[in-house]
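Here, each number is a calculation from the coordinates, and none is a lab measurement. Only a predicted model underlies this, so the values are computations on that prediction, with no experimental measurement involved. Quick reminder, even Gly has a Cβ in these numbers, built from the backbone with ideal geometry, and neighbours come from all protein chains shown.
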Amino acid sequence: MRVWFLKESPSICASCGTGCNILVGSRQNRIFRFVPRQNDAVNSCWVCDPGRLNYKWVGRPDRLARLRAPNSSTTPPSWRDVLDELAGRLSQIPAGATAIIASARQTNEELFLLRKLADKLQAITESVERKGEPDFLLVSADRNPNSVGARLTGICGIPMGGKLPRIADGIRSGAIQALLVFGEDPTRHGINAELLGQLKLLVASDILPNATTNMAHYLLPGCAHLEKRGSFVNVKGRWQKFMPAVTPPGDARPEWEFLNELVGKITGQPPATDFEALFKQMSEAVPEFRGLTWDELGETGVNVNF
């Protein structure tokens with residue numbers, strides 16, 4: 001593909017916790033390349049080689065693109081019906097008997113909504129730590145792009161992943177009856193398929209198939225960060241936003257959209273009217289975000305204290 005045919009969209013690399021600024025080159029809804037975008041506060045004008053090539057998975061043919069619910073094999077489900085049904089089932093689970101495992105690759109806005117859901121359900125929440133070798137130039141040892149955001153929104157503590165054994169024990173004993181998993185595969189982190197099979201309710205939202213999505217009673221297909229708007233906080237506290245460069249396949253929706261609806265149904269409170277309203281709620285609720293607006297993040301982000 002000739003580069004002059006590509007549409008360039010500003011975004012953030014999600015390969016690690018540095019959050020390098022990039023331009024996404026796409027044509028006809030297919031991504032062809034990443035190139036670095038200038039941001040002297042983050043990556044100057046550079047991007048690492050692995051990060052530069054970390055886009056091909058977005059267009060994989062096995063992307064999760066179909067909504068799935070019990071009995072959906074005979075009748076294609078709609079998002080409205082699935083969320084109504086799911087809200088009803090979650091409301092029937094006793095308080096404190098739900099757990100939420102949310103990836104630190106989710107956006108701040110999605111993690112904020114999951115925190116609201118957890119508060120209503122009195123659910124235990126956790127994320128999964130990812131570590132690798134740093135290069136002391138660009139590549140961070142933290143391989144999650146939003147570990148700081150997961151902590152600031154209250155999804156996880158320090159150390160990240162410390163409550164996973166507690167969740168496994170809760171499922172084993174029957175104290176945890178429902179598990180919501182966003183962007184992770186717990187079978188790789190101590191919660192095996194046998195334990196998942198004991199749950200009354202297993203909900204998974206992801207982009208690519210794994211053992212957990214295969215077992216889920218409800219599968220809510222989500223989006224890559226390149227297909228939605230949102231924000232991350234990098235390992236140095238740089239809060240940066242991004243916009244969609246391409247559109248998601250099939251039934252897939254940005255997680256913040258359907259979580260916003262689900263939280264409204266379960267809490268009985270009106271959902272945010274749009275993304276800006278959701279962002280405002282989050283920035284007012286999270287002290288480190290100091291009431292900043294979406295526009296104030298600008299093209300290169302702002303620093304937050306944590």
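Remarks
- Folded to 0 to 90 degrees: helix 79-92 orientation relative to the chain principal axis, Cα: 50 degrees
- Translational diffusion of segment 62-306 was estimated from the Stokes-Einstein equation, with Rh taken as the Kirkwood radius over Cα pairs; at 20 °C and 1.002 mPa s the coefficient is 117 µm²/s.
- Only the Cβ atoms of Lys and Arg (+1) and of Asp and Glu (-1) were treated as charged; on that basis the dipole of segment 95-252 about its Cα centre amounts to roughly 420 debye.
- Computed 3J(HN,Hα) for segment 239-252, one whole-Hz value per residue from the Karplus formula 6.51 cos²θ - 1.76 cosθ + 1.60 where θ = phi - 60°, is 8, 10, 10, 8, 10, x, 9, 9, 9, x, x, x, 7, 4, glycine and proline marked x.
- Angle in degrees between helix 108-121 and the longest Cα principal axis of the chain, rounded to the nearest 10: 20 degrees
- Close amide H partners of D251, meaning residues 5 or more places away or on another chain with modelled amide H under 5 Å apart, are R66, L67.
- Put simply, the amide H of L208, placed in the peptide plane, has neighbours under 5 Å in L64, leaving out anything fewer than 5 places away on its chain.
- Here the 3J(HN,Hα) profile of segment 180-194, calculated from phi with Karplus coefficients 6.51, -1.76 and 1.60 at θ = phi - 60°, is 10, 10, 10, x, 9, 10, x, 5, 8, 9, x, 10, 7, 4, 4 Hz, Gly and Pro shown as x.
- If the segment from L137 to E85 were pulled out straight at 0.36 nm per residue, it would be longer than the present Cα-Cα gap by 13.9 nm.
- The chain: angle of helix 164-173 to the longest principal axis, Cα-based, in degrees nearest 10: 20 degrees
- Longest segment of the chain lacking trypsin sites (Lys or Arg not before Pro) that sit in a DSSP loop with at most 13 other Cβ atoms within 10 Å: 3-289
- Sparse-neighbour loop sites [chymotrypsin sites (Phe, Trp or Tyr not before Pro); segment 76-141; at most 13 other C-beta within 10 Å; DSSP]: F136
- Our helix-only sum for the chain, with -39,500 (n - 2.57) per DSSP H run of n ≥ 4 divided by its residues, gives a mean residue ellipticity at 222 nm of -7500 deg cm²/dmol.
- For segment 1-68, the relative contact order is 24 percent, taking Cα pairs closer than 8 Å that sit 6 or more residues apart in sequence and dividing their mean separation by the residue count.
- Cβ charges +1 (Lys, Arg) and -1 (Asp, Glu), total dipole of the chain, debye: 500 debye
- Relative contact order [Cα under 8 Å, 6+ residues apart], the chain, whole percent: 20 percent
- Beta bridge orientation in the chain: antiparallel %, DSSP, nearest 5: 60 percent
- Sequence-distant contacts, meaning Cα pairs under 8 Å at least 6 residues apart, place the relative contact order of segment 166-306 at 16 percent.
- Counted over segment 84-218, the DSSP beta bridges are approximately 5% antiparallel.
- Residue-by-residue Karplus 3J(HN,Hα) for segment 137-148, coefficients 6.51, -1.76, 1.60, Hz, glycine and proline x: 10, 10, 6, 8, 5, 7, 8, 8, x, 9, 4, 5
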